[in-house]
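Written out below as structure tokens is the structure these notes cover.
The values are calculated or read from the model by the stated rules, or taken from the named source; none is laboratory data. Keep in mind the model is a prediction, meaning the values are calculated, not measured. For neighbour counting, all protein chains shown are included, and Cβ atoms are generated from backbone atoms with ideal geometry for every residue, glycine included.
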Amino acid sequence: MNLPPPPGPAPKHHVLSVLVENRAGVLARVASLFARRGYNIFSLAVAPTQDERFSRLTVVVDVESAPLEQVVKQLNKLINVIKISELDPRDSVERELVLLTVRANAEQRQQVLSLVELFEGHVLDVSVDELTVTAEEHPSRLDDFEELLRPFGIVDIQRTGRVALPKLEPGGVGSNRH
């Protein structure tokens, strides 16, 4: 039985999964199109798919800067674009990675380590007064992680941007995705 998605606040971003030919210059053409049209890219991630002929771009676009229909129409004009899917956050699985260096002297270190453990993160590097940690989570959970670490003093931070795939159908075998 399929239940309707739960009501929620209006999305602030469109999450698009764009299957493209894996060729030099494709990413530059997509970025150029967005720049020419004034569409604000919130995040962009790209990597090859299981088929080496294709790459998947996950583009998160600011809703206010770009009507969805217009973005899709413009992307479809690019010859290297194979397929475009909007990923509704209620019907997709999203993840993002954060790397950050946070201040943590001897007195604070255990508190920081507890937060890293709570968010199922890992310590990557240690110095006398700082830790470099990582976590992979839903973007909103990473926002929470970052906010909880902020009082200790974030020295440096890098987030990858969102990646997403459609959720699998319960009990389904196979998939209709490329």
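Exactly one residue out of Arg36, Arg23, Arg56, Arg29 is assigned to a strand (DSSP E or B), at pLDDT 90 or above and outside the structural domain of Val98 (by TED's automatic domain parsing): that is Arg56. Confirm whether Leu97 is outside the structural domain of Ser32 (by TED's automatic domain parsing), in contact with an Asp or Glu (Cβ under 8 Å, 6 or more places away or on another chain) and in contact (Cβ under 8 Å) with a residue 60 or more places away in the chain. Taking the combined requirement at face value, the residue satisfies it. Every test in (1) free of Cβ contacts under 8 Å to residues at least 24 places away in the same chain; (2) not assigned by TED's automatic domain parsing to the domain that holds Gly38 is passed by Asn76 save one, and that test is (2).
Restricting the search to region 123-159, which residues are in a strand (DSSP E or B) and within 25 Å of Ser92 (Cα to Cα)? Within region 123-159, Thr134, Ala135, Glu136, Glu137, Gln158, Arg159 qualify.
Quick one: in region 39-53, of everything that is assigned to a loop (DSSP other than H, G, I, E, B) and either within 15 Å of Leu165 (Cα to Cα) or among the β-branched types (Val, Ile, Thr) (or both), which residue is nearest to the chain's Cα centre (by Cα)? So the residue we want is Thr49. Here Val60 meets each of (1) in contact with a His (Cβ under 7 Å, 6 or more places away or on another chain); (2) at positive phi; (3) of a type outside the set (S, T, N, Q) with one exception, condition (2).
Only a single item in (1) within 28 Å of Val60 (Cβ to Cβ); (2) of a type outside the set (Lys, Arg); (3) without any contact (Cβ under 8 Å) to a residue 24 or more places away in the chain is not met by Ser114, and it is number (1).
Evaluate region 49-67: report whether one residue or more is touching a helix residue (DSSP H, G or I) at 6+ places or on another chain (Cβ under 7 Å) and surrounded by fewer than 16 Cβ atoms within 10 Å (Cβ to Cβ). No, region 49-67 contains no residue that is touching a helix residue (DSSP H, G or I) at 6+ places or on another chain (Cβ under 7 Å) and surrounded by fewer than 16 Cβ atoms within 10 Å (Cβ to Cβ).
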